[in-house]
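A short worksheet on the structure shown next.
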Amino acid sequence: MATALETKIEVEMGQPFAPAWERIPGIEVDGSTLRIDPTAYFFRRSDRPVWMLVDWDLVTDRLLSQTETETAAVEQQALEFVRAFGQRTGDPAAVLRTADKVYSYLFSPDVIDDPELEVTTQDLRILRESATLAALNRVELSGDISDIGPAWFFAVTAEVVFGLDTAESERVDDLYHGGFFNEYRRVASVRAHAALGGRLVHGCQSSPNLAGGVVAPYGVDLGRFRADLGTMKAGWIASIRALAGSVPTA
């Protein structure tokens, strides 16, 4: 029997994806329909991946509106919510559908109305689509990276998909790394990511360095995570950048 990351993934998203995602091996785009061939897409994949999900409607109804208190930090609330309502799944399409809702919420066009936030509609699309695909990436509690594809290194992948130059990709990386998430949006991010069973962990150090990030389970060994990422990120970033020379510019 074929495992979850051997058979082609097909999923209907809430809105169309950029057709140029087809520049990434293993991805097909037909409007809002995504098809992913795991054997071509992933750099590293496990035999029987399992993701943790929480129903998005439950998150919106019961977690997003919670108030942080002196005895219950927002991270604690999110962890307890995942423990109470998390469901394990081996279905990558379910992960993508949930991620689509999470990032459509976090990167909503409504935030452009914030005069203190320098972000464009294109920036939001890059962040939303890249983060949605990156939800397929997995890190074990041990810190070992078990499943990883190009969307992990989303800023470099955005150079290929959206035709960004290095300065533009670094600016978007800065948004993802922290510029977008002031404290209000960071709190919203912590709560929203409960739907994907964890918290957003950046691969970067103190400043953006194109190492991307992943939704990791609470309690993950970050030292091991950092060491595992360090062994392969340079080579895989280089392989993504090499794609830019093999496709026409949009």
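The values are calculated or read from the model by the stated rules, or taken from the named source; none is laboratory data. The structure displayed is predicted, hence computed values, not measured ones. Cβ: placed from backbone, ideal geometry, glycine included. Neighbour counts: every protein chain shown. Just the protein is used for accessible areas: all its heavy atoms, side chains included, with ligands, DNA and RNA removed. Shrake-Rupley method; radii C 1.70, N 1.55, O 1.52, S 1.80 Å.
Which of the following residues is assigned to a helix (DSSP H, G or I) and either at pLDDT 90 or above or open to solvent by 60 Å² or more (accessible area, probe 1.4 Å) (or both): 191, 185? Don't jump to the end; show me each part of the working.
Values: 185 fails: either at pLDDT 90 or above or open to solvent by 60 Å² or more (accessible area, probe 1.4 Å) (or both).
Answer to the check: 191.
On the basis of being surrounded by fewer than 21 Cβ atoms within 10 Å (Cβ to Cβ) and either touching a residue at least 12 places away in the same chain (Cβ under 8 Å) or over 15 Å from the mean Cα position of the chain (by Cα) (or both), does residue 115 make the cut?
yes
Take the residues in region 207-239 that are in contact with a Leu (Cβ under 9 Å, 6 or more places away or on another chain), outside any strand (DSSP E or B) and modelled with pLDDT of 90 or more, then tell me which one is nearest to residue 53 (Cα to Cα).
Checked region 207-239; the qualifying residue nearest to residue 53 (Cα to Cα) is 217.
Select from region 61-78 the residues that are open to solvent by 20 Å² or more (accessible area, probe 1.4 Å) and within 30 Å of residue 153 (Cβ to Cβ) and list them in ascending order.
Across region 61-78, the qualifying residues are 64, 75.
How many residues does region 146-170 contain that are surrounded by 22 or more Cβ atoms within 10 Å (Cβ to Cβ) and either in a strand (DSSP E or B) or in contact with a Leu (Cβ under 7 Å, 6 or more places away or on another chain) (or both)?
The qualifying residues number 9.
Go through region 79-122 residue by residue and tally those that are in contact with a strand residue (DSSP E or B) (Cβ under 7 Å, 6 or more places away or on another chain) and not in a loop (DSSP other than H, G, I, E, B).
The number of residues fulfilling the criteria is 11.
Within region 128-137, does at least one residue satisfy the condition of being surrounded by fewer than 19 Cβ atoms within 10 Å (Cβ to Cβ) and in a helix (DSSP H, G or I)?
Scanning region 128-137, I find no residue that is surrounded by fewer than 19 Cβ atoms within 10 Å (Cβ to Cβ) and in a helix (DSSP H, G or I), so the answer is no.
Being part of a helix (DSSP H, G or I), of a type in the set (A, V, I, L, M) and open to solvent by less than 60 Å² (accessible area, probe 1.4 Å), is that true of even one residue in region 21-39?
As a first pass, look at region 21-39 and keep what is part of a helix (DSSP H, G or I): 21-23, 38-39.
Within this subset, residues satisfying the condition of being of a type in the set (A, V, I, L, M) are none.
No.
Checking residue 21 against (1) touching a Gly at 6+ places or on another chain (Cβ under 6 Å); (2) aromatic (Phe, Trp, Tyr); (3) within 24 Å of residue 174 (Cα to Cα), only one condition comes out false. Which one?
That leaves (1) as the condition not met.
For region 40-55: of the residues being open to solvent by less than 30 Å² (accessible area, probe 1.4 Å) and either in contact with a helix residue (DSSP H, G or I) (Cβ under 8 Å, 6 or more places away or on another chain) or among the basic types (Lys, Arg) (or both), which is farthest from residue 232 (Cα to Cα)?
54
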